[in-house]
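Working notes for the structure below.
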Amino acid sequence: MLQLRVDPHSGIPIYLQILSTIKDQIEHGVLRQGDTLPTVRQLATEHRIAPNTVMKAYSELQREGLIESRPGVGTVITAGGMVQQDLQLNSAIQNFKDATLRLRGIGMKRAALQDLLHDTYGPEDA
């Protein structure tokens, strides 16, 4: 079941808040393939937002292949294991980039980072 909180004062467009929340919940297994999302009208009414805002988020998710609209069923999560794995990989890569920038900002040199990667992964051919 979708767990959504929107903050109209965050500076982040509401449709992006909806989009990222759904992606995050797919990534973490809260929403799984076959789960049904609330209708556009239900979500808009519940969170006091414009239906077009919800529709914009759902349209982007559909374009990305994460959801689809099924007549008589509603809007369904279509992201299977591979899509979920891709989302997890993309999230981990972004976390790695953020951490690398923080390490660089506090003075860690490239060689030290390479040593850390080598210690974590082992030799290059492993």
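Table for the structure above
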quantity	calculated
Failed criterion for Glu60 (all others in (1) surrounded by fewer than 14 Cβ atoms within 10 Å (Cβ to Cβ); (2) farther than 17 Å from Gln3 by Cβ hold)	(1)
Residue check for Ile12: within 28 Å of Ala92 (Cα to Cα), more than 13 Å from the chain's Cα centre (by Cα) and among the β-branched types (Val, Ile, Thr)	yes
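Here is a yes/no grid of residues against (1) exposed (fewer than 13 other Cβ atoms within 10 Å of the Cβ); (2) basic (Lys, Arg); (3) in contact with a strand residue (DSSP E or B) (Cβ under 7 Å, 6 or more places away or on another chain); (4) within 30 Å of Arg110 (Cβ to Cβ):
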| residue | (1), (2), (3), (4) |
| --- | --- |
| Ile14 | no, no, no, no |
| Ile18 | no, no, no, no |
| Gln33 | no, no, yes, no |
| Pro38 | no, no, no, no |
| His47 | no, no, no, no |
| Met55 | no, no, no, no |
| Ile77 | no, no, yes, no |
| Ile93 | yes, no, no, yes |
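Quick note: the coordinates plus some simple rules give every number you see, no bench work behind them. The shown structure was predicted, so the numbers you read here are calculated from the model rather than taken from an experiment. Cβ coordinates were reconstructed from backbone atoms using ideal geometry, including for glycine residues, and neighbour counts include every protein chain displayed.
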